[in-house]
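Reading through the structure tokens given below for one structure.
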Amino acid sequence: MIQLSGLTKRYGDKVAVDDLSFTVPPGLVTGFLGPNGAGKTTAMRMILGLDVPTAGTATVNGRAHHELVRPLRVIGSMLDARAVHPQRTAYKHLLYLAQTNGLPVSRVHEVLDVVGLSEAAGRKAGGFSLGMSQRLGIAAALLGDPPVLLLDEPVNGLDPEGVLWIRTLMRGLAAEGRTVLVSSHLMSEVALTADRLVIIGKGRLIAQGEIGEFTGTGADVVVRTPDAAAFARRLELSGAHVRPGGGDELLVHGMSAPDVGRLAAAEGVTLYELTTRHASLEEAFMELTRDAVEYGSAR
């Protein structure tokens, strides 16, 4: 479990993380989301003891990172896949990490095999592609077989096979009862991988909960009928909010598809289509963070 309580980090007048509190439970993949500059990386660095909080605490299984005697056995992490000495081979990089945490050499071979880098074990990390660097970073995170994983943008640079692999890996680790916190800007991938979300903006918590709470809200019932204008008025009289969708399409909010169907049957309205369209995670994220975007593009 990862637990943040009142976590705050200031750099002079700049507040990067502002009284942030949330818990990342075991057995689930938790997506950690926010716009650029939201404070995600700073929060993760404080979890890993790389930055000292101005106030508040960040603990891993009840202990601060600096209190962990063999940290790789408790929490595995990847913040920057390129943070490897370019002249070190993949094998030597992992071997040195293993030796500092009292891990057997056999574990190095195991994780190289897990991430698909066994044949590249003798190659220098400086010659790796971004995708290969990501795999090496994930190997380092898995080295101590830790109960807690923290990964920042783990699918960057991976090809479709690699993306599917890391998705399956993360869900498998969570299914084993491990705590998995993953930060990403790829909403479509988060929607396929995460069980729950923590969303922050300008250093503060905006929302958290099961992923269905985000994608299940704001659903529209899509109706196509040759009697669109008349049926729209009837729907509104019944308490629904109706928006034209173009042509013979209506977007109905505030009334379920079965209720729309029953009303159409009672009114003798012909329906060409009656479906429920849920908001995408991207749409939900954009709506939640629209006032927390620090570096937005011109419109």
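The values are calculated or read from the model by the stated rules, or taken from the named source; none is laboratory data. Predicted model, so just to flag it, every value in this text is computed and none were measured. Note that each Cβ is placed from the backbone with ideal geometry, even for glycine, and that neighbours are counted across all protein chains shown.
Quick notes on this structure:
- The requirement of being within 15 Å of the chain's Cα centre (by Cα) and part of a helix (DSSP H, G or I) is not satisfied by Ala140.
- Only listed residue being under 14 Å from Leu72 (Cα atoms) and in contact with a helix residue (DSSP H, G or I) (Cβ under 7 Å, 6 or more places away or on another chain), chosen from Leu136, Leu143, Leu117: Leu143
- The listed residues are Asn36, Asn61, and the only one of them that is surrounded by fewer than 13 Cβ atoms within 10 Å (Cβ to Cβ) and more than 26 Å from Ala120 (Cβ to Cβ) turns out to be Asn36.
- Exactly one residue among Arg167, Arg107, Arg82 is at negative phi, at pLDDT below 95 and buried (at least 17 other Cβ atoms within 10 Å of the Cβ), and that residue is Arg167.
- Index of the failed condition, Leu158 passing every other in (1) part of a loop (DSSP other than H, G, I, E, B); (2) touching a strand residue (DSSP E or B) at 6+ places or on another chain (Cβ under 8 Å): (2)
- Scope the range 271-283; condition in contact with a Leu (Cβ under 9 Å, 6 or more places away or on another chain) and crowded, with 16+ Cβ neighbours inside 10 Å; matching residues: Leu281
- Flag: Pro146 matches the condition of being assigned by TED's automatic domain parsing to the domain that holds Leu28, surrounded by 17 or more Cβ atoms within 10 Å (Cβ to Cβ) and at pLDDT 95 or above.
- Subset of the range 171-185 [under 14 Å from the mean Cα position of the chain (by Cα) and either more than 17 Å from Ala81 (Cα to Cα) or outside the structural domain of Met132 (by TED's automatic domain parsing) (or both)]: Arg171, Ala174, Thr179, Val180
- Scanning the range 64-79 for residues that are surrounded by fewer than 20 Cβ atoms within 10 Å (Cβ to Cβ) and either among the hydrophobic types (A, V, I, L, M, F, W, C) or not assigned by TED's automatic domain parsing to the domain that holds Gly162 (or both) yields Ala64, Leu68, Val69, Val74, Leu79.
- Segments classed as strands (runs of 3 or more DSSP E), wholly inside the range 165-283, with at least 3 members that are within 30 Å of Leu28 (Cα to Cα): 179-183, 196-201, 204-210
- Comparison of Leu158, Leu117, Leu97 shows that the only residue that is closer than 28 Å to Gln3 by Cα and crowded, with 17+ Cβ neighbours inside 10 Å is Leu97.
- Gly203 surrounded by fewer than 21 Cβ atoms within 10 Å (Cβ to Cβ), in contact with a helix residue (DSSP H, G or I) (Cβ under 9 Å, 6 or more places away or on another chain), farther than 30 Å from Gly254 by Cβ and assigned by TED's automatic domain parsing to the domain that holds Leu117: no
- Just one residue in the set Thr59, Thr54 is polar (S, T, N, Q), modelled with pLDDT of 95 or more and under 25 Å from the mean Cα position of the chain (by Cα); that residue is Thr59.
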